[in-house]
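Heads up, the thing below is written out as structure tokens.
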Amino acid sequence: MKTNLQFDFIVNKENNTVNVKREFAAQLPLVWDAWTKPEILDLWWAPKPYQTKTKSMDFREGGSWFYGMVSPEGIIHWCRNDYQKIELLKNFSGLDAFCDENGTINTDFPRTIWTNTFTDNGETTTVNIVAQYEKLADLEQIIAMGFKEGFTMALGNLDEYLEQITK
């Protein structure tokens, strides 16, 4: 098993993006499922000690993923991702937002356009993630909220899940 997996995290303030390139020690179908099936997303998406709880998911163009990040104290931070484009086993994009328990978007926080592209490398899979923001202030707000640290932890959770499932 490859142990020196690629991980790049680049903040580009000129075009208001975060570009993450992450390699996983698993074949494409497993990695794709981990990003697109709610029962698997719930196992890794939230940075510890938070947990993800999917309320609903309709993984199709025009569908959405409605989920909460649950704190150890039981406080739920609701989010939704509205899927825009999906090419099975290749890529998907969606517009992410913080929201309330009914899915109403919280306009105090910026929305993120996520584009995730999957590359099959045989025994490993690379996911190229672009998180796009409308303006620099939105990007800076998300970074100040701990996006890099939280997302890095979540991707580590995914590594752990994939290691368990491929044993």
Contacts under 7 angstrom Cβ, first residue in region 47-73 being in contact (Cβ under 8 Å) with a residue 12 or more places away in the chain and over 14 Å from residue 94 (Cβ atoms), partner of a type in the set (A, V, I, L, M, F, W, C) and outside any strand (DSSP E or B), 6 or more apart: 47/153; 47/154; 48/153; 52/41; 52/45; 52/46; 54/41; 69/46
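Conditions (1) in contact with a Leu (Cβ under 7 Å, 6 or more places away or on another chain); (2) closer than 19 Å to residue 21 by Cα; (3) among the polar types (S, T, N, Q); (4) not in a helix (DSSP H, G or I), marked per residue:
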| position | (1), (2), (3), (4) |
| --- | --- |
| 113 | yes, yes, no, yes |
| 122 | no, yes, no, yes |
| 152 | no, yes, yes, no |
| 155 | no, yes, no, no |
| 167 | no, no, no, yes |
Filtered residue count, region 144-163, keeping only those that are open to solvent by 60 Å² or more (accessible area, probe 1.4 Å) and either in contact (Cβ under 8 Å) with a residue 40 or more places away in the chain or closer than 30 Å to residue 29 by Cβ (or both): 5
Out of region 97-111, which residues are of a type in the set (Asp, Glu) and over 11 Å from residue 77 (Cα atoms)? 108
Restricting attention to region 1-10, and to residues there that are assigned to a strand (DSSP E or B) and touching a residue at least 60 places away in the same chain (Cβ under 8 Å), which single residue is nearest to residue 131 (Cα to Cα)? 9
Positions within region 101-124 being aromatic (Phe, Trp, Tyr) and open to solvent by less than 50 Å² (accessible area, probe 1.4 Å), in sequence order: 114, 118
Among (1) under 16 Å from residue 45 (Cα atoms); (2) open to solvent by 50 Å² or more (accessible area, probe 1.4 Å); (3) not in a strand (DSSP E or B), which single condition is residue 98 missing? (3)
Residue count, region 75-88, condition over 23 Å from residue 147 (Cβ atoms) and more than 16 Å from the chain's Cα centre (by Cα), comes to 2
Scan region 60-74 for residues that are more than 14 Å from the chain's Cα centre (by Cα) and of a type outside the set (Asp, Glu) and report the count. 7
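The values are calculated or read from the model by the stated rules, or taken from the named source; none is laboratory data. Values in this document were obtained by computation on a predicted structure and should not be read as measured data. Glycine gets a Cβ as well: all are built from the backbone with ideal geometry, and neighbour counts include every protein chain shown. Keep in mind that these areas ignore ligands, DNA and RNA; they rest on the heavy atoms of the full protein, side chains included. Shrake-Rupley method; radii C 1.70, N 1.55, O 1.52, S 1.80 Å.
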